[in-house]
1. Just reorder F216, F232 by solvent-accessible area, largest first, 1.4 Å probe, all chains present.
2. Taking K and R as +1 and D and E as -1, what net charge do the other residues with C-beta under 11 Å from the C-beta of D85 add up to?
3. May I ask you to give the percent of accessible area on the stretch 52-172 that is carbon plus sulfur, with a probe radius of 1.4 Å?
4. Quick query: amide H of W222 versus all other amide H atoms, modeled in the peptide plane; which residues come in under 5 Å with a sequence gap of 5 or more or a different chain?
5. Search the structure for amide H atoms under 5 Å from the amide H of A152, placed 1.01 Å from N in the peptide plane, and list their residues when 5 or more places away or on another chain.
6. With θ taken as phi - 60° and the coefficients 6.51, -1.76 and 1.60, list the Karplus ³J(HN,Hα) couplings across the stretch 333-346 in order, rounded to whole Hz; mark glycine and proline as x.
7. Please report the antiparallel percentage of the DSSP beta bridges confined to the chain, to the nearest 5.
8. Using the heavy atoms of the protein chains and a 1.4 angstrom probe, tell me the accessible area per residue for the chain in square angstrom.
Amino acid sequence: RAAMEAEPVQFLWRRYEERLEPARQELAHFVGARSKDLVFITNATTGVNAVLRSLKLRRGDEVLTTNLDYNACHNVVAEVARRADAKLVVANVPFPLNAAAEITAAILQSVTPRTRLVLLDHVTSNTALVFPLKPILRELEARGVESLVDGAHAPGMLPLNLRHLRPTYYTANLHKWVCAPKGAAFLWVREDKQATVQPAVISHGHNRPRPGFTRFQDRFDWAGTCDPSAWFCVGEAIRFMGSLLPGGWRELYQRNHDLAVTAQRMLCQRLLLEPPCPASLLGSMATIPLPAGLQHGPASGKIDREQLRLYDEFGIEVPLMRFGQPPRRWLRVSAQVYNSPAEYEYLGAALEQLCD
């Protein structure tokens, strides 16, 4: 950023591609894709907007999402359906649940001959479930239904190979588990669909092709003057995180998963709770219900009172959420390389104090 402000024209015009392209190639290797099928964007919600608002829906078409989708992305799909006079269908995925098959069945039984596209989470935000994407995507592909995967939490949490996964569209953040700067995310589009996808902002790249780049990349790589530093840092973030443990990324994935499972088990045992899902459906996060003594606390604005107390009194930052029918209160823990089991014990003790 200092280099950009010192000489903006040099940074943003003359030397832009030579910084952008190596980062894109490193990202492509990391997520199992071809670099020509990837573009950088600022966040996954931007990618969802680009795909859904590029769809040519007609009256009577259906777009399918789930009750566990991310609120911002739900708002996009609902608005796109409304404008086209299409039908928004919401598949009811149960939570708590006992097996991945319940997720697959809930989604596929909601697909009809009118379904144009299904919006799927790779890792749900509130419930922290890892969706069984492969069987769902293969069945959607067989039925001729497009798929858009919101992978906001997946890169850096789960091994990712887009060539093997084969969605129609996939978008994800890199500021979460890859620990790149805020504003680093990507959109991957299957080659046969790239011509129809427009960025949220149409700018110079729409009619200024560059040698060696696809038209898809031209449209997205320049969306007006902005700070692309976060994109340029992606390669370094991938290398840094992969260097922290002797086993590289593979060990990091396993370590964080094991720690999240340990945290779920320990907190449920300590607080006399039932785990709402099996460990096999977790990545590096786990959602558990709040103890009975905290279930009836009133909503208190943007952040609930108990979440504020956890931070102000105990130095713990952890999200508290309300969802389900009937509504229940939940807590989601995350596990990263800097966390340890003792921290979740400390969280359990803090929750016990809040219940007193």
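The values are calculated or read from the model by the stated rules, or taken from the named source; none is laboratory data. Keep in mind the model is a prediction, meaning the values are calculated, not measured. Backbone-built Cβ (ideal geometry, glycine too); neighbour counts: all protein chains shown. Surface accessibility is based on the protein's heavy atoms, side chains included, excluding ligands, DNA and RNA. Shrake-Rupley method; radii C 1.70, N 1.55, O 1.52, S 1.80 Å.
1. F232, F216
2. +4
3. C and S atoms contribute 48 percent here.
4. Amide H to amide H, under 5 Å and 5 or more residues apart or across chains, W222 pairs with G205.
5. H122, V123, N173
6. 9, 10, 10, 10, 4, 8, 8, 9, x, 4, 5, 6, 4, 5
7. Details: 19 of 36 bridges.
Looking only at bridges with both residues in the chain, the antiparallel portion is about 55 percent.
8. Values: 16590 Å² over 356 residues.
Accessible area per residue, the chain: 47 Å².
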